[in-house]
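The values are calculated or read from the model by the stated rules, or taken from the named source; none is laboratory data. This is a predicted model, so every value here is computed, not measured. Cβ placement follows ideal geometry from the backbone for every residue including glycine, while neighbour counts extend to all protein chains displayed. The area values use the complete protein model at the heavy-atom level, side chains included, leaving out ligands, DNA and RNA. Shrake-Rupley method; radii C 1.70, N 1.55, O 1.52, S 1.80 Å.
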Amino acid sequence: RKLDRTLYLLVKDSKGEWGLPAGDVTGEEVLSEAARRNLKEICGSKMNVWMVGNGPVGHRKTADHTAFYIKGHILAGQAKTNDKHAADFKWATREEVEGTVSAEYWQSVKDMLST
């Protein structure tokens, strides 16, 4: 599926809203450790993931919190969500991300995604 394009992993939460995988940082975790743990909790353990760096590629601020995003590459495997963390997932091009997420969400993440 569109192997000549960068694809982004989107997950649907329990409210039916789509977005990039996200979660909390706990204890003494650094962002890349938290990103790897949260991705495993949301999408299962059947993916071999390489986190490109330790620093965020961007952030999204809401009234409740600030989310920092780490760039990662799925080297092998596939996501398998569970109802506890995500209702569904899909791989999407940048244009498909824009058409899937809310307008407000898109405005806060669009600059992080490759053109």
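Worth pointing out:
- One residue stands out among those in the range 60-70 that are out of contact with any strand residue (DSSP E or B) (no Cβ under 7 Å at 6 or more places or on another chain) and under 16 Å from residue 23 (Cβ atoms): the one that is most open to solvent (accessible area, probe 1.4 Å), which is 64.
- Put simply, of 57, 49 the only residue that is aliphatic (A, V, I, L, M) and either open to solvent by less than 30 Å² (accessible area, probe 1.4 Å) or modelled with pLDDT of 95 or more (or both) is 49.
- Residues of the range 84-94 classified as closer than 17 Å to residue 22 by Cβ and either outside any strand (DSSP E or B) or over 11 Å from the mean Cα position of the chain (by Cα) (or both), total: 6
- For residue 92, the test of being in contact (Cβ under 8 Å) with a residue 40 or more places away in the chain, in contact with a strand residue (DSSP E or B) (Cβ under 6 Å, 6 or more places away or on another chain) and closer than 13 Å to residue 12 by Cα is passed.
- Within the range 27-63, the set of residues being within 22 Å of residue 90 (Cα to Cα), without any contact (Cβ under 8 Å) to a residue 12 or more places away in the chain and among the charged types (D, E, K, R) comprises just one member, 40.
- Filtered residues of the range 77-106 (kept if in contact with a Lys or Arg (Cβ under 9 Å, 6 or more places away or on another chain) and over 18 Å from residue 2 (Cβ atoms)): 77, 80, 81, 86, 87, 88, 105
- Residue within the range 61-81 that is assigned to a helix (DSSP H, G or I) and under 15 Å from the mean Cα position of the chain (by Cα) present: no
- Residue 35 vs. criteria closer than 25 Å to residue 5 by Cβ, assigned to a loop (DSSP other than H, G, I, E, B) and of a type in the set (A, V, I, L, M, F, W, C): no
- Sole exception among (1) assigned to a helix (DSSP H, G or I); (2) farther than 22 Å from residue 100 by Cβ; (3) aliphatic (A, V, I, L, M) for residue 25, by number: (1)
- Residues of the range 95-115 satisfying the condition of being assigned to a helix (DSSP H, G or I), in contact with a strand residue (DSSP E or B) (Cβ under 7 Å, 6 or more places away or on another chain) and either under 12 Å from residue 20 (Cα atoms) or open to solvent by less than 40 Å² (accessible area, probe 1.4 Å) (or both): 97, 100, 105, 108, 109, 112
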